[in-house]
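In what follows, a single structure is set out as structure tokens and then discussed.
Just so you know, all these numbers are worked out from the coordinates, no wet-lab data involved. Note that the coordinates shown come from a computational prediction; the quantities given were computed from them, not determined experimentally. Ideal geometry is used to build each Cβ from the backbone, glycine not excepted, and the neighbour counts take in all protein chains shown.
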């Protein structure tokens with residue numbers, strides 16, 4: 001039981017870090033789309049928009065996993081009391 005709780009806590013911390021990093025990368029690509037460039041190639045905007053959407057979607061996915069693991073940990077600790 002304690003090992004499972006420790007594993008879930010580790011996964012929660014890892015997924016939270018993944019989500020924050022992906023959120024930062026997604027915002028970085030989004031800023032690259034909205035800030036005008038001097039030498040602009042047509043496909044750069046599309047590529048950065050798609051990359052931004054994918055990283056933000058992955059970030060949302062990992063935040064959902066964090067929420068799920070947090071609920072599991074809460075349920076496990078409530079059952080012990």
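Computed quantities for the displayed model
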{"quantity": "Of all residues in segment 1-19 being touching a residue at least 12 places away in the same chain (Cβ under 8 Å) and surrounded by fewer than 14 Cβ atoms within 10 Å (Cβ to Cβ), the one that is nearest to residue 68 (Cα to Cα)", "calculated": "9"}
{"quantity": "Hits in segment 59-81 (condition: surrounded by 14 or more Cβ atoms within 10 Å (Cβ to Cβ), within 30 Å of residue 32 (Cβ to Cβ) and over 8 Å from the mean Cα position of the chain (by Cα))", "calculated": "65, 66"}
{"quantity": "When residues of segment 34-58 are limited to those that are in contact with a helix residue (DSSP H, G or I) (Cβ under 6 Å, 6 or more places away or on another chain) and closer than 26 Å to residue 16 by Cα, the one surrounded by the fewest Cβ atoms within 10 Å (Cβ to Cβ)", "calculated": "49"}
{"quantity": "Any pair with Cβ under 9 angstrom, 6 or more apart, that starts in segment 53-81 at a residue that is at negative phi and in contact (Cβ under 8 Å) with a residue 40 or more places away in the chain and ends at one that is surrounded by fewer than 16 Cβ atoms within 10 Å (Cβ to Cβ) and not in a helix (DSSP H, G or I)", "calculated": "76/1; 80/1"}
